[in-house]
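Undergrad: This structure is in structure tokens; I'll ask about it shortly.
Please treat every number below as a calculation from the coordinates, not as lab data. Remember, predicted model here, so these are calculated numbers, not experimental data. Backbone-built Cβ (ideal geometry, glycine too); neighbour counts: all protein chains shown.
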Amino acid sequence: MRLALLLPLVSILSACAPPNAAVPYPTAKFADAPAPAPKPEVSAPVALPGLVRYFDREIDLQPFLAGFPYGRYKPSLRTGRMFYFSLGDRYALQSLSLERAGVTWDLGSGATLGDADWSKRSLWSIHHHPSSDSLWLHADATNDEKMNLWRMSLADGRIEQVTRHDYVYGMGFSADDATVAYLPRSGTKAPFRSCLRTRDVRSGAEREVVCDDPKLTFTWSDLRFSPDGHEIYFTAQVAGDRNRVQLVHVDLRAAKPRVQTLTNPKARRSTLELLEPGPGDDQLYLANDDGFANLYAWSRKTRRARKLTAFKEDITSAALTDRGVVAVHRTPAGSTLVLLDPSNGAVLDERKLPGSVDVIDGHGSRALLTQESPDIVFEALEVDLSGGKLAQTRVAAPDDALAKQVIACKATAVKIPTFDTDKASGKARELHAFLLEPRTPIEDASRRLGLITAFYGGDNSYSEFDQIMCAAGFTVVSPSVRGSDGFGRDFHALNDRDLGGDEIVDLFWVARWLEQRAGLDARHIGVYGGSHGGYATMRAMTFPPGTNGRNEAYPFGFGMSHAGFSDIKSFHDACNIPDWVVLESGDPNNPGDLARMKAASPLSHVDRLQLPLLLTHGSNDWRVPVEQSRQFARKAEAAGLPVSYAEFEGQGHRIEGLALQVKLFQTRFDFLMAVVKAASDEG
């Protein structure tokens, strides 16, 4: 289930029209299904597996959540294997051969690796290590995101823990697979101590190479070895600032290794992602120094960086192959797949694609992509580069019958005006959004609802949540409020140090637009989201009108927050992403920032909650600790305010497994039925 979990965001600036013009979705045509026959109203959850109820409408969640029961693809073209999950009540890790090019994936024939249930654990990355017949995993033990390195034997599926640190940011292997480098950190509260460590894969011998300091802090990063194995490249932040990300390297041969910063530390840079080493002496990377993520190369010979591309859309993913760099630059309007010359950035070939496309691997003359959109559930594409062109073949997708069943929304790309002016263009700012309308509307107007995504909305992707809401007969608006990704660094930075400010006012303007578009009253329009979106939901339901001097408010009829934080200061102190909190809200050690944090915290304004709010959370969540929802619920309940709270034992930042997801959705529908009944009773 994808529920806005601090994933990439999307937005649009009227001053920056995307090269790909927005078009209505879906492109495929589906006949509207007849409305279901009326059934007796019941209040108890339905016992059938996967079935949930909203009044007299039954929704079978199984097709949406596990009808195409595969996902989280982690291919290794280098070793000819695909690793992925089969989904359901248990998540099993599977393996499939990729040795033959252009062959349709028979995902149902994959070999199951071990007996671990990955719905109860987090798995972020996999490195296939053929010489030891094993997988190296960047994973946790209990869904709490306390990440370490683990090793799985492919012979018997046994998993052993390799490292035992408080947290590991990332890992990378030398070209000969003999050495793994990784970035562990110590401490459960900032400031942390983080170090670069190397480990001999065969012997297990470890070396602490160098550690960070307050002026240059290590962070989440892939690690890349130079081809000769003597240097390691990764990313760091100037004083923990997410807007000053740096490319750094360490020479392992030095008697006393030190971290050398290779990029301009004064430049504003919020994106830096490493690719494999390029041709000759180049280390390739993506960075947004000019406002958009583009391809750069740092030369080990000249000791200088050079910019290779100048796209006015972010390059969101890329991989180096023998034929060039396969990359995607995109906005929510569509994606452009390009083949780039890694020496100078020249475009050798390109293809326009309608959905959100990601490059998930590249090696030799092959690359693998995934694509989705509101009318594309999932596609995997293999690209043959042997002819120097982007020759693509679809190798995996749900069958047409399932796709028809689980595309319940009619999706249209729209622009919604908001309250301010874009300084670059001088024109009224417009927010990109997708309007998702039910293919089978509810006939009873009193039971129709509109839902607005708090964060993160506007993505050109398939959302199980949104499609299930459409199946229930609701209209969803998924907007890119300020602070969203998708149209460059400046729009993304509009809510820096303004968490819970103008981004919430954007939601109010979207709600008023929806009133007019769908003919709904405010009592039937709600706001929802997860993580940052969960916070935004609580904030929208308790918003002081005088915030930022706007005199703005909107009487949302209900809210649904999943894994949201309610008090910014305590969230900063307890979470595993305190640098994100500093970027968005300020430094709690600064009295002025601390006061602003308190003012922007929903917990400080619980008394403003007037209409129903549902909070859900996993008990093992560390990214947003569960106490953040508990404390808001306790305070609201003590004041007799309309809050409901449901906690999911053993779950992390997401609720995993079909049975628990069914329980979660029925909890939501029970809440929404109560909202509708209360609104009807009040006339």
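Undergrad: Rounded, prolate or oblate: which fits the stretch 394-471 when a ≥ b ≥ c are the square roots of the eigenvalues of the alpha-carbon gyration tensor, with rounded for a/c under 1.5 and prolate only if a/b beats b/c? Please report the intermediate quantities before stating the final value.
TA: On the way: a/c = 3.13, a/b = 1.52, b/c = 2.07.
Here the stretch 394-471 falls in the oblate category.
Undergrad: Neighbouring Cβ atoms within 10 Å as the yardstick, rank Arg366, Arg253 fewest first.
TA: Listed from fewest to most nearby Cβ atoms, that is Arg253, Arg366.
Undergrad: Now for a different question. In the stretch 58-122, which chymotrypsin sites (Phe, Trp or Tyr not before Pro) fall in coil by DSSP and have 12 or fewer other Cβ atoms within 10 Å? Intermediate values should be presented prior to the final figure.
TA: Values: sites: Phe64, Tyr70, Tyr73, Phe83, Tyr84, Phe85, Tyr91, Trp105, Trp118; in loops: Tyr91, Trp105.
Taking the stretch 58-122 and a limit of 12 other Cβ atoms within 10 Å, no loop chymotrypsin sites (Phe, Trp or Tyr not before Pro) are found.
Undergrad: Does the stretch 554-625 classify as rounded, prolate or oblate by the C-alpha gyration tensor (a ≥ b ≥ c root eigenvalues; a/c under 1.5 gives rounded; else a/b over b/c gives prolate, otherwise oblate)? Before the final figure, lay out each step's value.
TA: Values: a/c = 2.67, a/b = 1.32, b/c = 2.03.
Oblate, because a/c is 1.5 or more while a/b does not exceed b/c.
Undergrad: Determine, for each peptide in 315-327, 389-401, 534-546, the mean count of other beta carbons within 10 angstrom over its residues, then list the peptides with the highest first.
TA: 534-546, 315-327, 389-401
Undergrad: Work out the P(r) tail for the chain: percent of alpha carbon pairs separated by more than 35 Å, whole number. Let's see the in-between values first.
TA: Numbers: 97220 of 232903 pairs.
Result for the distance tail: 42 percent.
Undergrad: P(r) of the stretch 408-681 in 10 Å steps, Cα pairs, percent per bin?
TA: Result returned by the calculation: 7, 31, 38, 21, 3, 0.
Undergrad: Ser619 to Ala310: extension gain in nm, 0.36 nm per residue of separation minus the Cα-Cα distance?
TA: Full extension from Ser619 to Ala310 adds 106.7 nm.
Undergrad: Could you pull out every one of the lysines with an alpha carbon less than 16 Å from that of Lys352, ignoring same-chain neighbours closer than 8 positions?
TA: Within the straight-line cut-off, Lys352 pairs with Lys312, Lys389.
Undergrad: Another question, then. For Arg202 and Asp176 in one chain, what is 0.36 nm times their gap in residues minus the Cα-Cα distance, to one decimal in nm?
TA: Here the answer is 8.2 nm.
Undergrad: Arrange the peptides 498-511, 345-358 so that the one whose residues have, on average, the most other Cβ atoms within 10 Å appears first.
TA: Those peptides, ordered most packed to least, come out 498-511, 345-358.
Undergrad: Using a Cα distance threshold of under 20 Å, what count of lysine pairs results for the stretch 408-681 when pairs must be 8 or more residues apart or interchain?
TA: Qualifying lysine pairs in the stretch 408-681: 5.
Undergrad: If you put +1 on each Lys and Arg Cβ and -1 on each Asp and Glu Cβ, how big is the dipole of the chain around its Cα centre, in Debye rounded to 20?
TA: The dipole of the chain has a size of about 1180 debye.
Undergrad: Let me ask something additional. Along the charge dipole of the chain, which of Pro578, Tyr91, Leu658 sits closest to the positive end, that is, farthest toward it, with unit charges on the beta carbon of Lys, Arg, Asp and Glu (+1, +1, -1, -1)?
TA: Most positive-ward Cα: Pro578.
Undergrad: Still on this structure, please answer the following. Quick check on packing: order 243-252, 284-293 by the mean number of other C-beta atoms within 10 Å, highest mean leading.
TA: Highest mean packing first, the order is 284-293, 243-252.
Undergrad: Give me the net charge of Ala254's neighbourhood, meaning all other residues with Cβ under 13 Å from the Cβ of Ala254; Lys, Arg count +1, Asp, Glu -1.
TA: +2
Undergrad: Reachable lysines from Lys307, Cα under 18 Å, same-chain residues fewer than 8 places away excluded?
TA: Partners found: Lys266.
Undergrad: Continuing with the same structure: Using only DSSP helix segments of four residues or longer, with each worth -39500 (n - 2.57), what per-residue ellipticity at 222 nm results for the chain after dividing by its residue count and rounding to 500? Spell out each step's value before the answer.
TA: Details: 11 runs with 112 residues, N = 683.
Helix-only estimate at 222 nm: -5000 deg cm²/dmol.
Undergrad: Next question. If I take every Cα pair under 8 Å that is 6 or more residues apart in the stretch 70-164, average their sequence separation and divide by the length, what percent do I get for the relative contact order?
TA: Over the stretch 70-164, the number comes to 18 percent.
Undergrad: Per the Kirkwood treatment, what hydrodynamic radius in Å, one decimal, follows for the stretch 414-566 from the mean inverse distance over all distinct Cα pairs?
TA: Across the stretch 414-566, the inverse of the average 1/r is 15.5 Å.
Undergrad: Tell me, what is the Rg over Rh of the stretch 480-537, with Rh the Kirkwood radius over Cα pairs?
TA: My calculation of the ratio gives 1.02.
Undergrad: Sticking with this one: Once the piece of chain linking Arg550 and Arg164 is laid out straight, how much longer is it, given 0.36 nm per residue of separation minus the C-alpha distance between them?
TA: Working it through step by step, the gained length comes to 134.0 nm.
Undergrad: When the gyration tensor of the stretch 70-164 is built from Cα positions, what are the square roots of 5 times its three eigenvalues, in whole Å, from largest to smallest?
TA: Taking √(5λ) for each Cα gyration eigenvalue gives 22, 16, 11 Å.
Undergrad: Calculate the dipole size of the stretch 196-262 relative to its Cα centre from +1 charges on Lys and Arg beta carbons and -1 charges on Asp and Glu beta carbons; express the result in debye to the nearest 20.
TA: Its charge dipole is roughly 40 debye.
Undergrad: Under the definition of Cα pairs under 8 Å and six or more residues apart, what whole-number percent is the relative contact order of the chain?
TA: 13
Undergrad: Let me ask you something else. With charges only on Cβ, +1 for K and R and -1 for D and E, what is the dipole size of the stretch 408-681 about its Cα centre, in debye, rounded to 20?
TA: My answer is approximately 460 debye.
Undergrad: Given points 7 Å out from each Cα along the Cα-Cβ axis, report the Arg634 to Asp251 separation in nanometres with one decimal.
TA: The modelled label-to-label distance comes out at 5.5 nm.
Undergrad: Provide the FRET efficiency to the nearest 0.05 for the Asp56-Arg78 pair, computing r from the beta carbons and using R0 = 56 Å. Could the numbers behind the result be given before it?
TA: Details: r = 54 Å, r/R0 = 0.96.
Efficiency, rounded to the nearest 0.05: 0.55.
Undergrad: Aspartates and glutamates near Lys146 by alpha-carbon distance under 18 Å, same-chain residues fewer than 8 away left out - which ones?
TA: Asp117, Glu160, Asp166, Asp222, Asp573, Asp579, Asp621, Glu627, Glu649, Glu656
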